[in-house]
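Reviewing the structure listed below.
The values are calculated or read from the model by the stated rules, or taken from the named source; none is laboratory data. The model shown is predicted, which means the values in this text are computed figures rather than measured ones. No Cβ is skipped: glycine too gets one built from the backbone with ideal geometry, and neighbour counts run over all protein chains shown.
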Amino acid sequence: MYNEDTYRILKPEEFISCGDVVTRDIPVPCFSASFDCKKCKCLTAYTVTAGKKRVVIITKDGRFDLHFPQFNCVECGEQQFANEADFVVSGWWPSLAKIGSYFVSTSLLEMWRHLKHQTPGTSERKFVQTLSEISKIQEEIIQVKQEMGQFYNGLAEKKDAILDEIKRCSAAEKSFDKGKASLLRKELARIDSLLEDVSS
């Protein structure tokens with residue numbers, strides 16, 4: 001998120017709504033294999049929302065902590081939780097025979113199958129370690145972005161303080177203050193250059 005007054009990296013669960021940062025629980029992207037509302041007998045009209053239970057999905061891009069999906073009938077609001085068939089049809093394979101808290105994407109399983117056939121010596125353990133490294137790199141990128149956001153905000157605050165000091169020195173009568181204002185303008189130009197680099 002960026003504007004003239006603030007710079008901040010949004011977390012995966014944060015979004016912009018009407019100019020404010022809001023937190024949303026994100027459900028596993030899933031659709032019902034056979035939605036059937038017991039209350040109003042509606043067969044197709046439902047929305048997907050996040051349940052309370054946390055689940056982990058593993059994809060080619062790494063690990064993501066999301067929420068268990070639930071289907072809400074558009075007509076009457078009746079709620080149904082996703083079952084094994086819903087996950088499998090949506091491309092998520094449970095790590096256990098019963099629904100657990102870990103799901104693996106079909107595309108990742110296909111990639112592993114092709115790797116095993118094309119490069120028979122590939123180690124499953126090393127493949128899992130590679131996925132773990134990808135997740136760590138993504139976490140490090142988020143951390144660096146957050147640190148850059150703090151650096152930007154610190155520069156912006158320093159710029160405001162220098163502007164106030166330049167105004168004070170420019171209004172003063174003493175030649176010392178006039179010279180200080182000239183030096184502060186050079187510092188201000190340097191900060192503006194840094195702010196431009198950070199925001200680009």
I'm told His67 meets every condition in (1) more than 25 Å from Lys11 (Cα to Cα); (2) touching a strand residue (DSSP E or B) at 6+ places or on another chain (Cβ under 8 Å); (3) buried (at least 16 other Cβ atoms within 10 Å of the Cβ) except one. Can you identify the failing condition by its number?
(1)
Just checking, does segment 84-93 include any residue being loosely packed, with under 12 Cβ neighbours inside 10 Å, over 30 Å from Ala156 (Cα atoms) and either under 16 Å from the mean Cα position of the chain (by Cα) or at pLDDT below 75 (or both)?
no
In segment 94-106, which residues are at pLDDT 85 or above and polar (S, T, N, Q)?
Ser105, Thr106
Would you be able to tell me the number of residues in segment 73-96 that are free of Cβ contacts under 8 Å to residues at least 12 places away in the same chain, part of a strand (DSSP E or B) and out of contact with any Cys (no Cβ under 9 Å at 6 or more places or on another chain)?
1
Would you check which residues across segment 1-29 are modelled with pLDDT of 75 or more and either among the basic types (Lys, Arg) or touching a Phe, Trp or Tyr at 6+ places or on another chain (Cβ under 6 Å) (or both) and list them?
Val22, Arg24
Any residue in segment 112-125 that is closer than 20 Å to Thr59 by Cα sitting within a Cβ distance under 9 Å of a residue that is part of a loop (DSSP other than H, G, I, E, B)? List the pairs, counting only those 6 or more apart or interchain.
Trp112/Thr122; Leu115/Thr122; Lys116/Thr122
Could you tell me whether segment 146-163 includes any residue that is assigned to a helix (DSSP H, G or I), surrounded by 11 or more Cβ atoms within 10 Å (Cβ to Cβ), modelled with pLDDT under 75 and hydroxyl-bearing (Ser, Thr, Tyr)?
yes
Residues of segment 61-72 being free of Cβ contacts under 8 Å to residues at least 60 places away in the same chain and charged (D, E, K, R), which ones?
Asp65
Report whether or not Lys126 is of a type in the set (Lys, Arg), over 22 Å from the mean Cα position of the chain (by Cα) and either at pLDDT 80 or above or exposed (fewer than 14 other Cβ atoms within 10 Å of the Cβ) (or both).
yes
Mind listing whichever residues of segment 27-47 are hydrophobic (A, V, I, L, M, F, W, C), crowded, with 18+ Cβ neighbours inside 10 Å and either farther than 29 Å from Val128 by Cβ or without any contact (Cβ under 8 Å) to a residue 40 or more places away in the chain (or both)?
Cys37
